[in-house]
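Since every read-out is calculated from the coordinates, none of them should be taken as a lab result. On a predicted model such as this, the values are computed, not experimentally measured, just so you know. Using ideal geometry, Cβ is built from the backbone for each residue, glycine included, and neighbour counts are taken over all protein chains shown.
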Amino acid sequence: MSARKSDIYNIIPMTINDLDDVYKLELASYSFPWTKEILRDCIMYNYDSFSVFFDNKLVGYVISKISYPETHILNLTVNESFRRKGIGKSLINIVINDAKIRKSEDIILEVRANNFEAQSLYHKLNFKTIGTRHGYYEADNGREDAYVLKLIL
Ligand SMILES: CC(C)(COP(=O)(O)OP(=O)(O)OC[C@H]1O[C@@H](n2cnc3c(N)ncnc32)[C@H](O)[C@@H]1OP(=O)(O)O)[C@@H](O)C(=O)NCCC(=O)NCCS
């Protein structure tokens, strides 16, 4: 049986048309979300960003900067109702593949010390913890550490 088009996850480069939906998902997903202006700048300055659609609804995105020698993943977000379906992993794999094609030597990212879900995903993809940035993030009761993770390509 073939899948209907509406049943398929479509992962496509993010465009300015996605901005409102990306911002809505950002607000729904984080206690300290990025501003709409930051998200707009990432699109306008051609960051390497991808949106995931299911049935014409935006259900996830990744924002990265692929460079030589190092790539940086800056944001990865999946709608709560669509988690544990492999979307986050697929988005990171797209960045990994593009970074390899563009001869990047490694990928680096920061993750909140208490964000076990994201850490579990990154470790599954072989990212290794290489350091801690103390007090890197805003938090409800002050600041929170970030772990720095790296994947050698
Ligand atoms: C982190 C996040 C992006 C993961 O997206 P996702 O689409 O649910 O992840 P996947 O389905 O691709 O998960 C792949 C693997 O990661 C690990 N993982 C993901 N979520 C997990 C969880 N809640 N608990 C334990 N392991 C988890 C598992 O090993 C999983 O494989 P499995 O489902 O076969 O066991 C998603 O939880 C999210 O958007 N969280 C809020 C925003 C956020 O924290 N972003 C990361 C900022 S650094």
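Does the stretch 81-104 include one or more residues that are in contact with a His (Cβ under 8 Å, 6 or more places away or on another chain) and on the phi < 0 side of the Ramachandran plot?
Residues of the stretch 81-104 in contact with a His (Cβ under 8 Å, 6 or more places away or on another chain): none.
No: zero hits.
Among the numbered conditions (1) in contact with a Gly (Cβ under 8 Å, 6 or more places away or on another chain); (2) loosely packed, with under 15 Cβ neighbours inside 10 Å; (3) of a type in the set (Asp, Glu), tell me where Asp41 comes up short.
Asp41 satisfies every listed condition except (1).
Output the number of the condition that Tyr47 fails; it satisfies all remaining conditions of (1) crowded, with 19+ Cβ neighbours inside 10 Å; (2) more than 13 Å from the ligand (Cβ to nearest atom); (3) over 22 Å from Ile130 (Cβ atoms); (4) under 14 Å from the mean Cα position of the chain (by Cα).
Going through the list (1) crowded, with 19+ Cβ neighbours inside 10 Å; (2) more than 13 Å from the ligand (Cβ to nearest atom); (3) over 22 Å from Ile130 (Cβ atoms); (4) under 14 Å from the mean Cα position of the chain (by Cα), Tyr47 breaks only (1).
Give the residues of the stretch 76-92 that are under 11 Å from the mean Cα position of the chain (by Cα) and more than 7 Å from the ligand (Cβ to nearest atom), sorted by residue number. Steps first, answer last, please.
So in the stretch 76-92, the residues under 11 Å from the mean Cα position of the chain (by Cα) come out as 76-78, 87-92.
Across the stretch 76-92, the qualifying residues are Leu91, Ile92.
Inspect all residues belonging to the stretch 89-108 and state whether any of them is part of a loop (DSSP other than H, G, I, E, B), among the polar types (S, T, N, Q) and without any contact (Cβ under 8 Å) to a residue 12 or more places away in the chain.
Step one: filter the stretch 89-108 for residues part of a loop (DSSP other than H, G, I, E, B), giving 102-105.
If we keep only those that are among the polar types (S, T, N, Q) too, we end up with 104.
Filter again for without any contact (Cβ under 8 Å) to a residue 12 or more places away in the chain, leaving none.
The answer is no; no qualifying residue exists.
Can you name the residue in the stretch 58-84 that is without any contact (Cβ under 8 Å) to a residue 40 or more places away in the chain and part of a loop (DSSP other than H, G, I, E, B) and, of all such residues, is nearest to Ile43 (Cα to Cα)?
Step by step, filter the stretch 58-84, then rank; the result is Ile66.
Read through the list (1) surrounded by fewer than 11 Cβ atoms within 10 Å (Cβ to Cβ); (2) within 23 Å of Arg83 (Cα to Cα); (3) of a type outside the set (A, V, I, L, M, F, W, C), then give the number of the only condition that Lys128 fails.
Here Lys128 meets the rest and fails (1).
Looking only at residues in the stretch 104-124 that are more than 8 Å from the ligand (Cβ to nearest atom) and within 21 Å of Tyr68 (Cβ to Cβ), which one is surrounded by the most Cβ atoms within 10 Å (Cβ to Cβ)?
Ile107
Among the residues of the stretch 109-138, write down those that are in a strand (DSSP E or B) and without any contact (Cβ under 8 Å) to a residue 12 or more places away in the chain. Before you say what the answer is, go through the steps one by one.
Within the stretch 109-138, the subset in a strand (DSSP E or B) is 109-112, 128-138.
Listed by number, the residues that qualify are His134, Gly135.
Evaluate the stretch 94-102: report whether one residue or more is under 22 Å from Ile8 (Cα atoms) and either within 11 Å of the chain's Cα centre (by Cα) or within 11 Å of the ligand (Cβ to nearest atom) (or both).
Yes, that holds for at least one residue.
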